[in-house]
Structures are given as C-alpha cells and as structure tokens.
C-alpha cells in the first residue's frame, strides 16, 4: 500500500500547505525562482506508524489503512521528528486533535478556493484509475506485448478494455482542458487499437498473441499488398 495521488491532494490542500503542529504553520512549499522549480519542504507524517514497529505503530489500525488520508498529518521536518521521537507525549489522540484543529483553522482563516480543491481531488481520482487500467508504471513491458510475439496477459488486456468507457462516463470539471483532451485522445486511440487488435489476435491459454498479423505478410511475401498498406498508412498520416 502507498499514499495515493488523491490522498496527497487532500492532505496538502486541506492543510493549506502548512505544518499542522500548533503555533507552527510554517509554509511547506517554497516558491519557484526565475531559474528553479518550487521546492517542497513538508513531510507527510503517519499518525499511526506505517509499520507496527514505528511510532505509535502498535495502535490497532489495519495495515492497509495506514496510508489513508485520516491517518496522515502534514508537518515540517522539525515537528515530524519531534512527534516521532516523543510518541508518548504525541500519541494518536493528540495528533488527531492537531490535524482536526489545524484544518478547521485553515477553513476559517485562509481564502482557499474550495471548488478548485474539490476539482483537483476529482482529477486525482481519474488519473489514478487511468494509471491502474493502463498499468502505466509497467508501460514499456506491456506495450511490447502488443507488437511483439509475446503473449499479452488476459488480465491486463481486460483491464485496458475498460478504460474508454471509464473516461467517457466521467464528469469533467473543465478546469484543465489540456489534461482532459489528452485523456480523451488516448481513449480514441485506444478504441482504434482495440479494433485492429481484435482482428489479428490469436487467443492462448494465458493471454493473446498477434502472430497472425505478421504471418499474413511473412508467408505471402506479397510486395504489392505491403506497398498498398504502406500507402494507405501514409494517406492517413497526411
């Protein structure tokens, strides 16, 4: 389990990018300069330690829930170190109180764009689902299955097939048009890919293979057919 993109957005946005330790409120993002990007100096601290041997780790909380938003509190590096070193003083209940008190203060005192915060959290959910369906972290490996002779696993193929319907059925806030257009374009290309892939795949016990597509040209050796296909491809591109 790891902290999700949506959880990052929730934690930082609702904390106002500030340390939640009482009376600290240090800004945890340094502005960009004319030569460099912004610098993130905050830390996402676990209220109940991620591991049972960590600070407050023996508290009865399921392991899979320890990276959830409710178990995280935003801190500067100094106060993160203090609460973990002094875990008896800063127990679970105390830190939960810090988190609630700080986020209430942020709502009451900062002019935050709550609509933007909600939109960002929604986009984060969509992007996480996109990453899941495309197995984006393993992109180079699974895309090689499509054009090579390796078998494309059924589980990954079925997951990929669900993505176009997922994208079409979303409610898009229109806050980031380029992001939305990118996802919609990916959906359109994926639909075209699936049409071609279904035409040439051969099913195996553990997945699908595209050998049939290559056999058609290798076995016939029909140069005129190949030239015709290449010409058609050029027309489409132009």
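Based only on other Cβ atoms within 10 Å, what is the fewest-to-most ordering of 90, 200? So the ranking, lowest neighbour count to highest, is 200, 90. Annotation: the residues 167, 3, sorted from fewest to most other C-beta atoms within 10 Å of their own C-beta, follow the order 3, 167. Taking 0.36 nm per residue of separation and subtracting the current Cα-Cα distance, fully stretching the chain between residue 100 and residue 162 would add 18.5 nm.
Averaging 1/r over every pair of different alpha carbons in the stretch 147-192 and inverting the result gives a Kirkwood radius of 12.1 Å. Pairwise Cα distances in the stretch 39-161 exceed 25 Å in 49 percent of cases.
Among 19, 76, the order by Cβ neighbours within 10 angstrom, fewest to most, reads 76, 19.
Every read-out reported here was derived from the displayed coordinates using simple, explicitly stated rules and does not represent laboratory data. Not measured: the values here are computed from a predicted model. Cβ: placed from backbone, ideal geometry, glycine included. Neighbour counts: every protein chain shown.
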